[in-house]
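Here the structure comes first, spelled out in structure tokens, and everything after it is commentary.
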Amino acid sequence: MGEITQTHYLMLSAALFVIFLSIELILNAVNINLIAFAEQWGNPSGQVFAIFVIAVAVAEAVVGLGIIVAFYRNKETINIDEMNVMKW
Amino acid sequence: MADAITFYTLAALILALAVMVVTVRNTLYSALLLAADFLFVALLYASMNNLLLAVIQVMVYAAGIVLVYVFVVILVNLKRLPEQHPDPSRYRMIGGVLAAAVLGELVLIGLSGALLPPPAAPAEPTGSVENIAMALFTNFLIPFEVASMLLLVAMVGAIVLAKKEL
């Protein structure tokens, strides 16, 4: 595996934000699908669903980042492997 | 022909930017690349005659959500290095199985889509503001109100979470 350098740790700490950004990417992919199918079938329900998906994505991003900020304020870290206080 | 060139250029750019978002080391660059990715997705919507969705995409995603991400990335400036988990690749097996399942599903969808006849294309674009508004405020009125409630709850929750003493 080689020596563990500082770059490894930086990649690990970045993983939490990358997870959040990936969720946004996945929601965007769903939106593209919804709009493409709505265009194909001539039914505007797909666009309405896409708008709802955007609203839910906004709520998710705001609450998730609020949790990150609160966690960082209490624990001084955002490493996902140490985020186990709400684990059952 | 022009449609095909537009679509494939946009699709290649969107995919390349999405891969870069995940692979780039710096989280701040990652967020900014995500903003660029959302802008190209908005262009894709516009190329499908969905101008309302394109505008919403730029205003909400590229301007709003990414800005919040950038703020939090700057705010949560790491002071100490985190400890590494002994086995960083422990979820690789589950992830591989899930990815294989999704890939198989996509292949199945592609195969079944080749068999079904395509529906007749409508005369006018369905993504016009009139059509979306008509659907949103008649059939989807109750989900619309529920979404407003969800946003209110999210706003209150974010304010409570960001308070000094939790």
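The values are calculated or read from the model by the stated rules, or taken from the named source; none is laboratory data. Values in this document were obtained by computation on a predicted structure and should not be read as measured data. Cβ: placed from backbone, ideal geometry, glycine included. Neighbour counts: every protein chain shown. For the accessible areas, the whole protein counts, side chains as well, though only heavy atoms, and no ligand, DNA or RNA atoms are used. Shrake-Rupley method; radii C 1.70, N 1.55, O 1.52, S 1.80 Å.
Some observations on this one:
- Test result for B:Leu52, over 17 Å from A:Val58 (Cβ atoms) and either among the acidic types (Asp, Glu) or more than 7 Å from chain A (Cβ to nearest Cβ) (or both): no
- When B:Leu34, B:Leu13 are screened for being free of Cβ contacts under 8 Å to residues at least 40 places away in the same chain and within 18 Å of B:Val72 (Cα to Cα), only B:Leu34 passes.
- Selection count, the range A:11-35, where residues are modelled with pLDDT of 90 or more and either more than 7 Å from chain B (Cβ to nearest Cβ) or out of contact with any helix residue (DSSP H, G or I) (no Cβ under 9 Å at 6 or more places or on another chain) (or both): 8
- Tally of residues being of a type outside the set (A, V, I, L, M, F, W, C), in contact with an Asp or Glu (Cβ under 8 Å, 6 or more places away or on another chain) and part of a helix (DSSP H, G or I) across the range A:28-87: 5
- Taking the range B:39-55 as the range and being within 14 Å of the chain's Cα centre (by Cα) and open to solvent by less than 40 Å² (accessible area, probe 1.4 Å) as the test, the residues that pass are B:Val41, B:Ala42, B:Leu44, B:Tyr45, B:Leu53, B:Ala54.
- With respect to being more than 7 Å from every other protein chain (Cβ to nearest Cβ) and modelled with pLDDT of 85 or more, A:Asn43 falls outside the description.
This table checks each residue for (1) surrounded by fewer than 11 Cβ atoms within 10 Å (Cβ to Cβ); (2) modelled with pLDDT under 90; (3) not in a loop (DSSP other than H, G, I, E, B).
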{"site": "B:Ala120", "(1), (2), (3)": "yes, yes, no"}
{"site": "B:Ala123", "(1), (2), (3)": "yes, yes, no"}
{"site": "B:Gly127", "(1), (2), (3)": "no, yes, no"}
{"site": "B:Glu130", "(1), (2), (3)": "yes, yes, yes"}
{"site": "B:Thr138", "(1), (2), (3)": "yes, no, no"}
{"site": "B:Pro143", "(1), (2), (3)": "no, no, yes"}
{"site": "B:Leu150", "(1), (2), (3)": "no, no, yes"}
{"site": "B:Ile159", "(1), (2), (3)": "no, yes, yes"}
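- For the range A:46-56, the set of residues classified as among the small types (Gly, Ala, Ser) and either more than 7 Å from chain B (Cβ to nearest Cβ) or more than 19 Å from the chain's Cα centre (by Cα) (or both) consists of A:Gly46 only.
- Exactly one residue out of B:Val22, B:Val66 is in contact with a Ser or Thr (Cβ under 8 Å, 6 or more places away or on another chain), within 12 Å of A:Leu21 (Cβ to Cβ) and assigned to a helix (DSSP H, G or I), and it is B:Val22.
- Considering the range A:58-70, the residues that are touching a residue at least 12 places away in the same chain (Cβ under 8 Å) and at the interface with chain B (Cβ under 7 Å from one of its Cβ atoms) include one that is farthest from the chain's Cα centre (by Cα), namely A:Ile68.
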